[in-house]
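Data first, discussion second: the structure below is written as structure tokens.
Values quoted throughout were computed directly from the atomic coordinates according to the rules given, and no laboratory measurement underlies them. Source: prediction; values computed, not measured. Every residue, glycine among them, receives a Cβ derived from its backbone with ideal geometry; neighbour counts consider all protein chains shown.
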Amino acid sequence: MIIDSHVHFWNFDPVRDAWITENMAVIRKDFLPEDFSLYLNENNVEGCIAVQADQSKEETSFLVNLAKENPFIKGVVGWIDLTSENLEALLQNYQSEKLIKGFRHIAEGEEIGFLLQKNILNGIAALHQYGYTFDILLRQDQLSDAVKLLEKLSNQPFILDHCGKPDLKTNDLKDWKLNIAELAQNPNVYCKISGLLTQGNWNNIDEKVIFETLDFIFSQFGIKRAVFGSDWPVMLLGGNYALWLELISKYVGQFSKEEQQLFFSKNAVRFYKL
């Protein structure tokens, strides 16, 4: 059984989705549950987590409605204004939406230090009080912010998206490794094994480099805090779903069947309380 912990859905809008540039033609279109459902039977995927790709309350509602219509969407990581004066009221209202498991802000698009602002810290702390997780999305050069974030909010359940986005184009991973090692020391931090197909050269997937990256991630987080994800459809820029699943299955073949089950589904179920 596989739970894909990181899937996006959107009705493509060239203005709202301006981050999808001309050189990303393969994803400049709609991606909806019926498109993802093709992978369910083909790849033994039982369900997924829908993760926000737009920073608006409409995005959260959009994903919740998709989840209600498509039972294979087991949970939603939405967006919420962490700086809102009405944050507590918003979180209280969301308590009735059991499909919402956590929230994310696209901090990789912000300045270094964004997550460490007092109002953002207070917002993330409020998520914990209401039982929500927080997905950390940062570039490699921002990861020291995540380390400092954990120092301030050590009890908050965090999950690091896309292995902390290691720069597999240059393969200069010294600082990435230092920060990953720091983050992994906190037992409340999980790591999504996702997004690596687009961290290197899109047209040249280097299995050796990806496996060396995974070696380090698993040496730090272990099998019990590593979570399978695809980053579909963004991952289509660097390959396809079957390729990613084949690559990951090959790598985790070194683990026992029980450990593989942790990685492919049970860790996601535990973290997101599915």
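Per the Cα gyration tensor, the range 99-140 maps to an equivalent ellipsoid with semi-axes of 19, 13, 6 Å, ordered largest to smallest.
A quarter of the convex hull surface defined by the alpha-carbon atoms of the chain gives 13.3 nm² as the mean projection.
Based only on the alpha carbon positions, what is the Kirkwood hydrodynamic radius of the range 4-147, in angstrom? Spell out each step's value before the answer.
Details: mean 1/r = 0.0614 Å⁻¹.
Mean inverse Cα-Cα distance, inverted, gives 16.3 Å.
Relative to the present Cα-Cα distance, how much length would full extension add between Asp215 and Ser61 at 0.36 nm per residue of separation?
Values: separation 154, 0.36 × 154 = 55.44 nm, distance 3.77 nm.
Contour length minus Cα-Cα distance gives 51.7 nm.
Would you order Leu214, Leu115 from fewest to most other beta-carbon atoms within 10 Å of each residue's own beta-carbon?
Working: Leu214 18, Leu115 24.
Lowest to highest Cβ neighbour count: Leu214, Leu115.
Defining a contact as two alpha carbons under 8 Å apart and six or more residues distant in sequence, what relative contact order in percent does the range 2-90 show?
On the way: 119 pairs, mean separation 26.2, N = 89.
Relative contact order here is 29 percent.
Taking every alpha-carbon pair under 8 Å whose residues sit at least 6 apart, the chain reaches a relative contact order of 19 percent.
Relative contact order for the range 69-159 using alpha-carbon pairs under 8 Å, separation at least 6, rounded to a whole percent? Kindly include the intermediate steps, with their values, before the conclusion.
Details: 107 pairs, mean separation 27.2, N = 91.
It comes to 30 percent, rounded to a whole number.
In straight-distance terms, cross-link reach from Lys266 covers every one of the lysines whose alpha-carbon lies under 25 Å from its own, apart from those fewer than eight places away in the same chain; here that gives Lys68, Lys74, Lys98, Lys101, Lys165, Lys192, Lys224, Lys250, Lys257.
Projecting the Cα atoms of Ile205, Tyr190, Trp176 onto the dipole axis of the range 176-216, where Lys and Arg carry +1 and Asp and Glu carry -1 at the beta carbon, places Tyr190 farthest toward the positive end.
Remark on Ser5: its backbone amide H falls under 5 Å from those of Ile49, Gly229, Ser230, a criterion applied only to residues 5 or more positions apart or on other chains, H modelled at 1.01 Å from N. Look at the dipole of the chain built from charges on Cβ: of Ile3, Ala89, Leu262, the Cα furthest out on the positive end belongs to Leu262. In terms of other Cβ atoms within 10 Å, Thr60, Thr170 run from fewest to most in the order Thr170, Thr60.
Each Lys and Arg adds +1 at its Cβ and each Asp and Glu adds -1 at its Cβ; summed about the Cα centre, the chain shows a dipole of about 800 debye.
Cβ crowding within 10 Å ranks Trp10, Trp244, Trp202 as Trp202, Trp10, Trp244, fewest other Cβ atoms first.
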